[in-house]
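The values are calculated or read from the model by the stated rules, or taken from the named source; none is laboratory data. Treat the numbers as computed from the prediction; the structure is a model and nothing was measured. So basically every Cβ, Gly included, is an ideal-geometry build from the backbone, and we count neighbours across all protein chains shown.
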Amino acid sequence: MKKILIICIALFGIAFSALAQTENKAEFKFNEEKHDFGKIPQGIAVSTVFEFTNVGTEPLILADVKPTCGCTIADFTKTPVAPGGKGIIKITYSAAVASPFNKTIVVTSNAKTPSKNLNIIGEVIAKTGTSSK
């Protein structure tokens, strides 16, 4: 009986320490996770900045920020963000095609939640033609 009790205590200790290690990670807190550009003119690139704070206990490292289409470009903080520190992800959308859009940007990091999705939405309005008479 003592052996079973000792084994149970050991397993509980191992499980608790593994859980504690996952809790001591970096973690995002974004000011916004979805940005609405509203109506924008065709042919004009627009940008927004998603600002985040590392609310975890370890440095936050962005491994990759990948837009899901070629019409969107991402630039982001490349250095580790210390606990309590801030970083940015700048997204630029090329408004080449007149239509509504909803684009996703996948952020991969060492955070407790290793993959995070950001979204940009809006509507590109077609250029109006001018006639010369």
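Of all residues in the stretch 61-75, which are assigned to a strand (DSSP E or B) and out of contact with any Lys or Arg (no Cβ under 8 Å at 6 or more places or on another chain)? Those that are assigned to a strand (DSSP E or B) and out of contact with any Lys or Arg (no Cβ under 8 Å at 6 or more places or on another chain): Ala63, Asp64, Val65, Lys66, Ile73. Look at the stretch 75-88: where a residue is in contact (Cβ under 8 Å) with a residue 24 or more places away in the chain and over 15 Å from Val49 (Cα atoms) and a partner is in a loop (DSSP other than H, G, I, E, B) and among the charged types (D, E, K, R), sitting 6+ places away or on another chain with Cβ atoms under 8 Å, you get Pro83/Glu58. In the set (1) among the polar types (S, T, N, Q); (2) surrounded by 14 or more Cβ atoms within 10 Å (Cβ to Cβ); (3) within 20 Å of the chain's Cα centre (by Cα), the condition left unmet by Thr79 is number (2). Taking the stretch 90-112 as the range and being assigned to a loop (DSSP other than H, G, I, E, B) and in contact (Cβ under 8 Å) with a residue 40 or more places away in the chain as the test, the residues that pass are Ser94, Ala95, Ala96, Val97, Ala98, Asn110, Lys112. A search for C-beta distances below 7 Å between a residue of the stretch 33-57 that is of a type in the set (Phe, Trp, Tyr) and any residue that is outside any strand (DSSP E or B) and surrounded by fewer than 17 Cβ atoms within 10 Å (Cβ to Cβ), counting only pairs 6+ apart in sequence or on different chains, returns Phe50/Glu32. Got at least one residue in the stretch 94-103 being among the β-branched types (Val, Ile, Thr) and surrounded by 12 or more Cβ atoms within 10 Å (Cβ to Cβ)? The answer is no, given that none of the residues of the stretch 94-103 is among the β-branched types (Val, Ile, Thr) and surrounded by 12 or more Cβ atoms within 10 Å (Cβ to Cβ). Return yes when Lys78 is of a type outside the set (Ser, Thr, Tyr), at pLDDT 95 or above and either touching an Asp or Glu at 6+ places or on another chain (Cβ under 6 Å) or not in a loop (DSSP other than H, G, I, E, B) (or both) and no when it is not. It is false that Lys78 is of a type outside the set (Ser, Thr, Tyr), at pLDDT 95 or above and either touching an Asp or Glu at 6+ places or on another chain (Cβ under 6 Å) or not in a loop (DSSP other than H, G, I, E, B) (or both). Comparison of Val49, Val55 shows that the only residue that is under 14 Å from Lys112 (Cβ atoms) and at pLDDT 95 or above is Val55.
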